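First up is the structure itself, then whatever we jot down about it.
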Amino acid sequence: MAANNRRMSGKKGAQVGSGGQRRRGLEGKGPTPPAEMRKGHKKNRIATAKAKQVPARRPAARGRGGKGTSELVVGRNPVVEALRGGVPASMLYVQQFIDNDERVREALQLAGERGGIHLMEAPRPELDRMTNGLNHQGLVLQVPPYEYAHPEDLLDAAADEGGYPLIVALDGVTDPRNLGAVVRSVSAFGGHGVVVPERRAAGMTAGAWKTSAGTAARTPVARATNLTRALESYKKAGVTVVGLAADGEADLGAVDALGGPVVIVVGSEGKGLSRLVGETCDVRVRIPMPGGAESLNAGVAAGIVLYEAARRRA
C-alpha cells in the first residue's frame with residue numbers, strides 16, 4: 001500500500017531541503033532598473049529601435065541660425081565629466097552586462113537626477129558600431145545638435161535689455177575650449193553673445209560646453225555664413241567693430257568705443273585676424289603686455305577686453 005502511495009504522489013524520494021535556493025530567492029536584487037533598460041518592456045523596444053537609427057554624426061541642418069551636428073561622448077570618465085559639467089544630453093547608452101563600478105553608478109545617478117536623459121541598454125556590438133570602434137568602456141552619451149542663433153539675434157537681445165550691444169566675434173579660432181572660455185567671459189561681463197563662422201571654426205561641442213561651465217545655456221552663440229558680411233551688417237546697425245591685433249594702431253586703454261555698441265573681434269593665436277576681417281574693423285587695438293609675451297590665447301584676450309568694456313559701462 002505504501003508503494004502504491006509513493007507512485008500516486010509522483011515523488012521519487014524524500015527531499016531533504018532546498019539547498020539555500022529559497023533563501024537566495026528572498027534576497028533583494030537592488031533597485032528596479034529604468035523601463036528603457038528592462039528587456040521586453042515597451043520603452044526598451046522603442047529605445048533599441050532608435051539606437052539602430054542614430055548615426056555618430058549628422059550633417060548640419062539649415063535654418064536661420066542653423067544647427068550643429070549631434071555628438072557622442074565616449075568612455076566612462078568623459079561621460080561622467082560631461083554630465084558633471086552640465087553638457088546637454090538626450091540619451092545615455094549603457095552596455096549590457098557592464099561591470100558596475102563607481103563611474104557607471106555616478107553616470108546613471110547624474111542622468112537620473114537631471115531628467116530628460118533617456119537610458120538605453122545596448123549590446124556591445126551596437127555600441128562598437130555607433131562609436132566606430134572607439135574604446136567606449138560601455139558608456140556612450142549622446143549630445144543633441146546645438147541650435148545656433150543668427151547674428152542679428154544678438155542685437156535684438158541688447159535692444160530688449162535697453163543697453164549697448166557687447167558682442168565677441170571669433171575669426172579662425174578652432175579650439176572648442178577657447179570658444180567655451182570666451183562664452184564664459186561674455187556671460188561674466190554682461191555681453192550679449194558670440195559669433196563664429198560657419199566653416200573652419202570651433203563649434204559648440206561637448207568640450208566647449210564643459211569649458212563654458214554651464215554659461216552656454218544662457219549666452220547665445222550665433223553662426224555666420226560669412227563673418228566679414230556679418231561684421232559689415234553690424235557696422236550698418238551702428239556698432240563699432242574693434243579687432244584685436246598685436247600690431248594694432250591703438251592701445252586698449254585709449255579706445256573710447258568700448259563704452260558704446262561694440263563687437264570685439266578676436267583672431268587665432270597663431271595667425272591673428274584674417275586680412276578681410278582686419279580690413280573690415282573700424283579700429284585695431286593691441287593689449288599692452290609688459291612681460292614681453294607675443295600673444296595671448298583667444299579666451300584670455302577676449303576676457304581682458306570684455307573687462308575693459310564692462311568697466312567703461314559701469
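Once R0 is set to 30 Å, what does the formula 1/(1 + (r/R0)^6) return for the Cβ-Cβ distance between LEU134 and ARG218, expressed as a FRET efficiency to the nearest 0.05?
It comes out at approximately 0.40.
Calculate how many DSSP beta bridges within region 164-314 are antiparallel, expressed in % of all such bridges and rounded to the nearest 5.
Bridges in region 164-314 are about 5 percent antiparallel.
Sort ARG184, ARG200 by accessible area with a 1.4 Å probe, largest first.
Heavy-atom accessible area, descending, gives ARG200, ARG184.
Given a 1.4 Å probe and every protein chain left where it sits, what share in percent of the accessible area of region 227-314 is carbon and sulfur?
Carbon plus sulfur share of accessible area: 50 percent.
If you count only protein heavy atoms and use a 1.4 Å probe, how large is the accessible surface of THR211, to the nearest 10 Å²?
40 Å²
Accessible surface of TYR307 in the full protein assembly, 1.4 angstrom probe, to the nearest 10 Å²?
120 Å²
Post the alpha-carbon centroid distance, region 205-226 to region 241-314, in whole angstrom.
Centre-to-centre (Cα) distance: 21 Å.
Could you check the simple spin-label distance between LYS235 and ALA250, using points 7 Å along Cα→Cβ, in nm with one decimal?
Here the answer is 1.4 nm between the modelled labels.
Want the number for ARG311 to PHE97: 0.36 nm per residue separation, take away the alpha-carbon distance, what's left?
Value of the extension gain: 71.4 nm.
Quick one: accessible surface of ASP282, probe radius 1.4 Å, all protein chains present, in square angstrom to the nearest 10.
80 Å²
Would you rank ASP175, ASP247, ASP156 by solvent-accessible area, highest first, keeping every protein chain in place and using a 1.4 Å probe?
Numbers: ASP175 50, ASP247 105, ASP156 80 Å².
If we order ASP175, ASP247, ASP156 from most to least accessible, we get ASP247, ASP156, ASP175.
The values are calculated or read from the model by the stated rules, or taken from the named source; none is laboratory data. What you are looking at is a predicted structure, and each value in this text was computed from that prediction instead of being measured. Glycine gets a Cβ as well: all are built from the backbone with ideal geometry, and neighbour counts include every protein chain shown. Protein only, heavy atoms only, side chains kept; ligands, DNA and RNA dropped before computing areas. Shrake-Rupley method; radii C 1.70, N 1.55, O 1.52, S 1.80 Å.
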